[in-house]
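Peer 1: The structure under discussion is supplied below as structure tokens; questions concerning it will follow.
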Amino acid sequence: MTRPATTDGVSAVPERITRLALGAAFLVALGACSEQVTGSLGCPELCSDQSANLRDTVLTAVVAVDSTLVGFPILGTSRELSLVSRGDTADVRVVARFDTLPGVFRVPGATTDSSIRVVDSATVIFRIDTVFIRSTVPVTIEAFDVDTTAVDSIPATLLPLFRADRLLGSRTYQPSELTDTLRLPISNAALLGKITARARLRLGLRVRAAQSVTVRLAGTQFAPRVRLRVSADTAVPPDTITLRSKTPADDASIASSLALYPIVAAGTLPAATSPRLAVGGIAGARTYLQFVIPGSALDSVQIIRATLQLTQLTPRSAAGSRDTITLISRAVIAGARVTDVFTLSQLLAPVGGLFGVDTLRLVPVDTGVREIEIIRVARAWQPLGTSNTLRALVLSSLQEGSSPGELNFVSTEGPDAQRPRLRITYVPRRGFGIP
């Protein structure tokens, strides 16, 4: 099953999702067991029936639903974005909206404002994550004027605007110049024209190089901004224009989230099809797994260990195939009355906490069986029951939206020996147990 994130390129988490998430938040507090780890091998002090022998079982038919959904993170919900250039396999650009431009300035000591009639030293300043750049060749970053009256949050509208007559600035950085803060000069005349016309500035950023390159923008810690001088008088300090989006005008929340967002120009793969599940990649994939676990395997035993086993496949795309991807597994915190899988893939417990599970660092080109420990989730499921919360997990990438690397796994329609399965180590409670 597949489900896109948007229909017209602009999407926000529905208000009902927020309400459902708040309503389900109380479930988190119920997930603790009173066991304490006391043994040298990590075996817990059992809540009951401590004299029983440990038993182990592998459940191979417990995944009732496995779906790959694409389009994450939701457009405008992430400030950690990347400029990517990997030929036809991946081309990701970033749009920065500066919808409010200054029109006046004040000379120190003056009592009235002066209109801006001069722009000098206009520069886009942004911070990057140097961990993601290992380029040995020069890297060029370009800024284009992508302002338009058309709906400008979809690739079909924006990509034609990345052309020579709309180029506002370009700079080539030597490898030694790729430090944490980059400065990209843009046209003084073009910016002055927009200020005079009381227009807005919307920049489309693109990266180019002789080899594959990824430039990750640290948008949360230091959002892109434009610095300019508005007077030849050195007593007048430089002015700074910060990110701001004023559209759509009828929804300030969505407008704010669209101040900085990515545009995929090349490399979007279709959602994974059977027998393959996907996580990450240019398409922004998540995998949803919903379990139907027999009562004798979960409700009537004392769980000592619970492990989700997945079989990793080689990736469908070469883009980022050797990047290290951190796989995150989070529990769905929603009741059975929520049935839309795309909605469920956003109603997630925070990383860590009572529902916390292990994370894995994987390389897309690797293959083999991968194990994710979900003991805390499994124990939380026991007292909650199936009516209070779904027994479901969502697999996503920590680098979601910032790395083209995609992890692939065998789905429930793959070969029997490679399908997702759940391994449980347990102690039967008296009178119960797995047959």
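The values are calculated or read from the model by the stated rules, or taken from the named source; none is laboratory data. Just so we're clear, the structure is a prediction, and the values are computed from it rather than from any experiment. For neighbour counting, all protein chains shown are included, and Cβ atoms are generated from backbone atoms with ideal geometry for every residue, glycine included. What goes into the accessible areas is simple: the full protein's heavy atoms, side chains included, and nothing from ligands, DNA or RNA. Shrake-Rupley method; radii C 1.70, N 1.55, O 1.52, S 1.80 Å.
Peer 1: Residues to consider are V146, V70; find the one that is within 26 Å of A259 (Cβ to Cβ), open to solvent by 20 Å² or more (accessible area, probe 1.4 Å), in contact (Cβ under 8 Å) with a residue 40 or more places away in the chain and in contact with a strand residue (DSSP E or B) (Cβ under 9 Å, 6 or more places away or on another chain).
Peer 2: None of the others qualify; the one that does is V70.
Peer 1: Looking at the range 302-328, which of the residues that are part of a loop (DSSP other than H, G, I, E, B) and of a type in the set (D, E, K, R) is most open to solvent (accessible area, probe 1.4 Å)?
Peer 2: Among those that are part of a loop (DSSP other than H, G, I, E, B) and of a type in the set (D, E, K, R), it is R322.
Peer 1: Could you figure out which of (1) touching a Phe, Trp or Tyr at 6+ places or on another chain (Cβ under 7 Å); (2) within 25 Å of I133 (Cα to Cα) isn't true of A265?
Peer 2: For A265, the failing item is (1).
Peer 1: Within the range 118-133, which residues are farther than 16 Å from T240 by Cβ and not hydrophobic (A, V, I, L, M, F, W, C)?
Peer 2: D129, T130
Peer 1: Only one of these conditions is not met by L83: (1) open to solvent by less than 30 Å² (accessible area, probe 1.4 Å); (2) in a loop (DSSP other than H, G, I, E, B). Which number is it?
Peer 2: Going through the list (1) open to solvent by less than 30 Å² (accessible area, probe 1.4 Å); (2) in a loop (DSSP other than H, G, I, E, B), L83 breaks only (2).
Peer 1: Continuing with this model, one more query. Quick one: which of L184, L192 is in contact with a strand residue (DSSP E or B) (Cβ under 8 Å, 6 or more places away or on another chain), at pLDDT 95 or above and either on the phi < 0 side of the Ramachandran plot or not polar (S, T, N, Q) (or both)?
Peer 2: Criteria check complete, one pass: L184.
Peer 1: Can you tell me which residues in the range 339-365 are closer than 19 Å to T386 by Cβ, modelled with pLDDT of 75 or more, open to solvent by 30 Å² or more (accessible area, probe 1.4 Å) and hydrophobic (A, V, I, L, M, F, W, C)?
Peer 2: none
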